[in-house]
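Just below is one structure, and these are the notes that go with it.
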Amino acid sequence: MAYFLGLFVALVAFWLGMSGHYTPLLLCLGSVSVALCLILAYRLDLIDSEGSPYGRMLGFSLYFPWLMKEIIKANWTVIQACLRADLDIAPALVKVKSVCRSDLAKVTFANSITLTPGTVTVAIEGDKLLVHGLYEQDSQPEAFAEMDRRSARAIDGRGATT
Amino acid sequence: MSDFIANLQAWFEVVRYPAGAAVSLAGALLCMVGTIGVMRFPDFYTRLHAASITDTSGATLVLIGMALMAPGWLIVAKLLTIFLFMFFTSPTASHAVANAAHTAGLQPLIGPINGRRNREEDSQ
Amino acid sequence: MTAAALIAILLGMVLLLIRTLLGPTLYDRVLAVNSFGTKTVLALGLLGFVMGRPEFLDIAILYALINFVSTIAILKFFRYRSFQVPLTGRTGTGGQGGKRNV
């Protein structure tokens with residue numbers, strides 16, 4: 001039920017934010033489309049912890065500034081690599097073992113790796129991630145330990161890492 | 001105190017349009033840098049890294065610049081929607097492309113790649 | 001200055017088109033088209049601001065949605081040569097496949 005309410009609030013906010021017209025006709029159309037979306041999501045069995053992950057907003061909003069800082073730092077490295085007169089890169093494939101347990105935490109960790117320029121998650125097998133890095137020295141498994149710990153704590157809760 | 005806040009608001013109204021345009025221009029130049037990387041890098045997997053500059057810092061800076069120039073809060077909400085959507089989908093799309101290439105057996109170049117050395121090897 | 005930003009993005013799009021035409025493998029082309037779509041979203045937004053009509057942002061949102069779906073659809077088509085294949089339970093990506101795959 002909480003998931004249902006979360007999805008409902010998100011859809012209403014989306015409609016009101018996108019439309020900008022608050023006449024009765026458009027509000028009626030909006031409520032009809034929100035109801036249709038909820039019915040379709042229920043029929044597709046999508047209303048669960050992944051369909052409306054709003055309970056984890058707090059943990060994620062604490063994780064977000066740190067991720068942005070990492071992204072800016074990594075961007076600088078890749079921009080320098082792009083603009084250097086002589087191409088000087090050392091690509092490497094490394095296997096990273098994750099401590100994340102739930103699927104959503106793994107997705108967050110893998111997406112964080114991919115979002116950071118210079119590293120891309122190529123494949124996920126169980127709890128091991130295959131990561132392609134632009135610089136060999138920057139993409140050792142130890143470099144991802146803190147991101148792994150933080151994303152596991154943001155999604156799985158505080159007890160995830162012991 | 002209220003005087004000071006009013007002054008600050010007036011100053012912000014004056015400065016936000018040029019500041020937004022400058023931030024947009026910086027983001028657009030970062031997009032160009034990413035594109036130059038896509039053209040220059042030798043291998044599919046390394047091009048992926050260059051493309052992710054466009055997706056993260058370039059797009060973020062352009063959207064922040066447009067939010068500074070926005071005439072109303074509704075526009076800012078739409079820009080935030082675009083930002084959140086790109087923030088969640090661009091790594092997914094990158095991972096999908098990388099995973100498809102890996103599954104199809106495309107081998108990445110491994111080890112130090114130096115432009116000067118490669119040119120010498122080419123000329124021999 | 002906004003117009004200069006728009007022109008810079010358009011130049012980037014032209015370069016990406018060259019990469020799409022040159023790209024040695026299929027995946028280079030898909031990557032270039034995906035990046036082209038991201039730039040199109042930004043260019044549409046900036047075009048709205050240059051013309052003084054920020055309503056263009058609605059089109060930009062729609063293009064962002066279509067861009068993601070089309071990338072996935074192209075990749076799926078070249079993997080299976082068909083759109084009629086369910087994506088659950090395949091090998092290679094690991095995980096549990098579809099979580100309702102019981």
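The values are calculated or read from the model by the stated rules, or taken from the named source; none is laboratory data. All figures in this text were calculated on a predicted structure; none of them were measured in a lab. Virtual Cβ from ideal backbone geometry, glycine too; neighbours counted across all protein chains shown. Accessible surface is based on the protein model in full, side chains and every heavy atom, while ligands, DNA and RNA are left aside. Shrake-Rupley method; radii C 1.70, N 1.55, O 1.52, S 1.80 Å.
Computed values, structure above
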read-out	value
Failed condition for B:TYR45, given (1) loosely packed, with under 15 Cβ neighbours inside 10 Å; (2) in contact (Cβ under 8 Å) with a residue 60 or more places away in the chain; (3) closer than 24 Å to C:ASN67 by Cα	(1)
Odd one out for C:ILE74, checked against (1) more than 9 Å from every other protein chain (Cβ to nearest Cβ); (2) more than 18 Å from the chain's Cα centre (by Cα); (3) surrounded by 15 or more Cβ atoms within 10 Å (Cβ to Cβ); (4) not aromatic (Phe, Trp, Tyr)	(2)
Number of the exception - A:LEU115 against (1) within 11 Å of chain B (Cβ to nearest Cβ); (2) out of contact with any Pro (no Cβ under 6 Å at 6 or more places or on another chain); (3) not polar (S, T, N, Q)	(2)
Close pairs from the stretch A:1-30: first in contact (Cβ under 8 Å) with a residue 24 or more places away in the chain, partner open to solvent by 80 Å² or more (accessible area, probe 1.4 Å), Cβ under 6 Å, at least 6 apart	A:GLY6/A:TYR54
Out of B:GLY27, B:GLY37, sole residue that is part of a helix (DSSP H, G or I) and within 10 Å of the chain's Cα centre (by Cα)	B:GLY27
Residue within the stretch C:5-20 that is open to solvent by less than 10 Å² (accessible area, probe 1.4 Å), touching a helix residue (DSSP H, G or I) at 6+ places or on another chain (Cβ under 6 Å) and more than 23 Å from B:LEU48 (Cβ to Cβ) present	yes
Within the stretch A:118-134, considering residues that are more than 7 Å from every other protein chain (Cβ to nearest Cβ) and open to solvent by 10 Å² or more (accessible area, probe 1.4 Å), the one modelled with the lowest pLDDT	A:ASP127
Filter result for B:LEU74 (open to solvent by 10 Å² or more (accessible area, probe 1.4 Å), aliphatic (A, V, I, L, M) and in contact with a Gly (Cβ under 6 Å, 6 or more places away or on another chain))	yes
Some residue of the stretch A:82-97 being surrounded by 15 or more Cβ atoms within 10 Å (Cβ to Cβ), among the acidic types (Asp, Glu), more than 12 Å from the chain's Cα centre (by Cα) and not assigned by TED's automatic domain parsing to the domain that holds A:LEU38	yes
Residues of the stretch A:62-76 that turn out to be free of Cβ contacts under 8 Å to residues at least 12 places away in the same chain and over 16 Å from A:ALA105 (Cβ atoms), as a count	6
Residue among B:ALA6, B:ALA50, B:ALA28, B:ALA10 that is among the hydrophobic types (A, V, I, L, M, F, W, C) and in contact with a Cys (Cβ under 8 Å, 6 or more places away or on another chain)	B:ALA50
Flag for A:ASP127 being within 29 Å of B:ILE113 (Cα to Cα), touching a strand residue (DSSP E or B) at 6+ places or on another chain (Cβ under 8 Å) and among the acidic types (Asp, Glu)	no
Residue among C:VAL33, C:VAL41, C:VAL50 that alone is closer than 17 Å to B:ALA51 by Cα and open to solvent by 50 Å² or more (accessible area, probe 1.4 Å)	C:VAL33
Of all residues making up the stretch A:19-45, the number that are within 15 Å of A:ALA2 (Cβ to Cβ) and either under 19 Å from the mean Cα position of the chain (by Cα) or exposed (fewer than 13 other Cβ atoms within 10 Å of the Cβ) (or both)	0
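Condition check ((1) touching a strand residue (DSSP E or B) at 6+ places or on another chain (Cβ under 7 Å); (2) within 12 Å of chain A (Cβ to nearest Cβ); (3) open to solvent by 20 Å² or more (accessible area, probe 1.4 Å)) across all residues:
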residue: B:ALA10; (1), (2), (3): no, no, yes
residue: B:GLU13; (1), (2), (3): no, no, yes
residue: B:LEU25; (1), (2), (3): no, no, yes
residue: B:ARG40; (1), (2), (3): no, yes, yes
residue: B:ILE53; (1), (2), (3): no, yes, no
residue: B:GLY58; (1), (2), (3): no, yes, no
residue: B:LEU79; (1), (2), (3): no, yes, no
residue: B:SER90; (1), (2), (3): no, yes, no
